[in-house]
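Participant: This is the structure, below, for whatever I ask next.
The values are calculated or read from the model by the stated rules, or taken from the named source; none is laboratory data. On a predicted model such as this, the values are computed, not experimentally measured, just so you know. FYI the Cβ positions are ideal-geometry reconstructions off the backbone, even for glycines, and counts take in every protein chain you see.
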Amino acid sequence: MAANSDYAHLAELFTTVEEPSVVRASVDLLLLGHLPVQGGLWLIPYAGRETEGGVGALIRMHEDTVDLAIVGNSNVDISTCSSLEEAFEIVGPEVKNWMIQPPSDADSTALLHCDADRITLLSGADQAAVVGAYRLLKGLVVASGTTEATPAMNLVIVGTEERAAHDAANRIVQTAHHQLGVQLSVSQPLPAMGSNSRVASQGSFQRTSGVVDILTRIRAASQRESEPQGSQEVQEAEYTIPISTRPVVEIKEPVVETPSMDMHDKSEKQPYTSYVDGLIAIKPRCPEHEEVELAIDTNGNIHVLADAEDFRDAAIVSGWVVRHRELIAMACGAMEIDTSDAPKQHVFTDDALSVADLHGTNLALHLLTEVEVEGHTGWFSTPLN
């Protein structure tokens, strides 16, 4: 005859309800290094890539305000929320990937102890960017006192083609390992700002706390019971850079060249957009005038850039932009484009005298010519008005 304890155990097997597991949302702290253009322009495209197929949240902390954007396939609306806490209550259970850009005056020690799963450094690929990335990492290591106290560190190179991105990532990874003892993972580069990033909803709220408190609230808001089938978190494609045994050159106080005099051992001219500070190229082109470039600035204004010989074409494209600005805005996805102002026209020439009669107009004139300095050939650009 079975003992009473056996019956009790059998009954427990059939009557005990298994507690649902708690899914922990991922929190990625974003640090902006030396980027090709205004750093904030890269955050939405990066967030869109990280949350492809899911729902993510991008938080940008400023001195007095906090901007929150919901990215991905979501119908949630936070535009009517009166506070960040109210927005968290609405989006918390749905968001699986949180990305936070701390304020510019954030303390390094606070960043290391704010319960982030990972710190991701977004960097450009030029020498100034490599040096800047090293200094950011060094500041974190100094603040922590030891590399063992730092969370997982990740690197993303933006604004350049794959080979240049790999070379820059290799230099940063090797230097961080040999001089700081920091191990970096490397995500796939983000060469350009595509139009696939969908901002479902966004809002701006008064800032009432620091980064540590905001991450604590995110953890509390994102606690949820897992569903039977459960959705998987987006796995980001990463690759590993082998650590070289060769010693790297110590970075002390490198001399950073000014952006307007970027010299390379090659004579290939870059897109006009790269010679104007604060502009980012966009993909739309005017039919039959595809040689004329389009770009936007940090305020969302559209710019038209062309060679002086294509001056007439630039005027035609400007008219085309005015007629189709709404379609251009839709084609650029999450990028905010101001459709109220006329586009700004830029004209590039290698002969300053040839455009002398255009001074005093609304055109932005630029000298772009090939020069040679100490055996290095490259393109030099400077404004003429």
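Participant: For the list (1) over 16 Å from Ile119 (Cβ atoms); (2) at pLDDT below 85, I need the number of the one condition that Ala57 fails.
Facilitator: Looking at each condition in turn, Ala57 falls short on (2).
Participant: Let me ask another. Restricting to the range 112-135, give me the number of residues that are touching a strand residue (DSSP E or B) at 6+ places or on another chain (Cβ under 6 Å) and part of a helix (DSSP H, G or I).
Facilitator: Qualifying residue count, the range 112-135: 2.
Participant: On to the next question. Counting just the residues of the range 368-384 that are modelled with pLDDT under 85 and not in a strand (DSSP E or B), which one comes out surrounded by the most Cβ atoms within 10 Å (Cβ to Cβ)?
Facilitator: Looking at residues that are modelled with pLDDT under 85 and not in a strand (DSSP E or B), I get Gly375.
Participant: Moving on to the next point. In the range 303-326, is there at least one residue being outside any strand (DSSP E or B), touching a residue at least 40 places away in the same chain (Cβ under 8 Å), among the β-branched types (Val, Ile, Thr) and surrounded by 16 or more Cβ atoms within 10 Å (Cβ to Cβ)?
Facilitator: Looking for residues that are outside any strand (DSSP E or B), touching a residue at least 40 places away in the same chain (Cβ under 8 Å), among the β-branched types (Val, Ile, Thr) and surrounded by 16 or more Cβ atoms within 10 Å (Cβ to Cβ), one finds none in the range 303-326, hence no.
Participant: Of all residues being in contact with a helix residue (DSSP H, G or I) (Cβ under 8 Å, 6 or more places away or on another chain) and buried (at least 18 other Cβ atoms within 10 Å of the Cβ) in the range 285-302, which is nearest to Pro271 (Cα to Cα)? Just the residue, please.
Facilitator: Restricting to residues being in contact with a helix residue (DSSP H, G or I) (Cβ under 8 Å, 6 or more places away or on another chain) and buried (at least 18 other Cβ atoms within 10 Å of the Cβ), the top hit is Glu293.
Participant: Which residues, taken from the range 342-367, are surrounded by fewer than 16 Cβ atoms within 10 Å (Cβ to Cβ), aliphatic (A, V, I, L, M) and touching a residue at least 12 places away in the same chain (Cβ under 8 Å)?
Facilitator: Passing the criteria: Ala342, Ala352.
Participant: Are any of the residues in the range 54-64 touching a residue at least 24 places away in the same chain (Cβ under 8 Å), outside any loop (DSSP other than H, G, I, E, B), aliphatic (A, V, I, L, M) and more than 24 Å from Thr208 (Cα to Cα)?
Facilitator: Looking for residues that are touching a residue at least 24 places away in the same chain (Cβ under 8 Å), outside any loop (DSSP other than H, G, I, E, B), aliphatic (A, V, I, L, M) and more than 24 Å from Thr208 (Cα to Cα), one finds at least one in the range 54-64, hence yes.
Participant: What residue, of Ile328, Ile337, is closer than 20 Å to Asp297 by Cα, in contact with a Gly (Cβ under 8 Å, 6 or more places away or on another chain) and of a type outside the set (D, E, K, R)?
Facilitator: Ile337
Participant: State whether one or more residues within the range 342-353 are polar (S, T, N, Q) and either outside any helix (DSSP H, G or I) or under 28 Å from Leu190 (Cα atoms) (or both). Break it down stepwise before answering.
Facilitator: So the first thing to find is which residues in the range 342-353 are polar (S, T, N, Q), and the list is 345, 349.
This time we only want the ones that are either outside any helix (DSSP H, G or I) or under 28 Å from Leu190 (Cα atoms) (or both), so: 345, 349.
So far as the range 342-353 goes, yes, one or more of its residues are polar (S, T, N, Q) and either outside any helix (DSSP H, G or I) or under 28 Å from Leu190 (Cα atoms) (or both).
Participant: Restricting to the range 81-107, and then to whatever is in a loop (DSSP other than H, G, I, E, B) and charged (D, E, K, R), can you tell me which residue is surrounded by the fewest Cβ atoms within 10 Å (Cβ to Cβ)?
Facilitator: Out of the qualifying residues, it is Asp105.
Participant: Can I ask one more? Could you list, ordered by first residue, the pairs with Cβ atoms under 9 Å in which the first is in the range 198-212 and without any contact (Cβ under 8 Å) to a residue 60 or more places away in the chain and the second is part of a loop (DSSP other than H, G, I, E, B), at least 6 apart or interchain?
Facilitator: Matching pairs, first to second residue: none at all.
Participant: Okay, next question. Looking for something in the same structural domain as Val158 (by TED's automatic domain parsing), within 24 Å of Leu155 (Cα to Cα) and not hydrophobic (A, V, I, L, M, F, W, C) - is there at least one such residue anywhere in the range 78-88? I'd like the intermediate steps shown before the answer.
Facilitator: Step one: of the range 78-88, the residues in the same structural domain as Val158 (by TED's automatic domain parsing) are 78-88.
Still in the running and within 24 Å of Leu155 (Cα to Cα): none.
Within the range 78-88 (the criterion being in the same structural domain as Val158 (by TED's automatic domain parsing), within 24 Å of Leu155 (Cα to Cα) and not hydrophobic (A, V, I, L, M, F, W, C)), the answer is no, since none of the residues qualifies.
Participant: Something else about it: Return the residues of the range 296-319 that are over 18 Å from Thr349 (Cβ atoms) and modelled with pLDDT under 90; say none if nothing qualifies.
Facilitator: Across the range 296-319, the qualifying residues are Ile296, Asp297, Thr298, Asn299, Gly300, Asn301.
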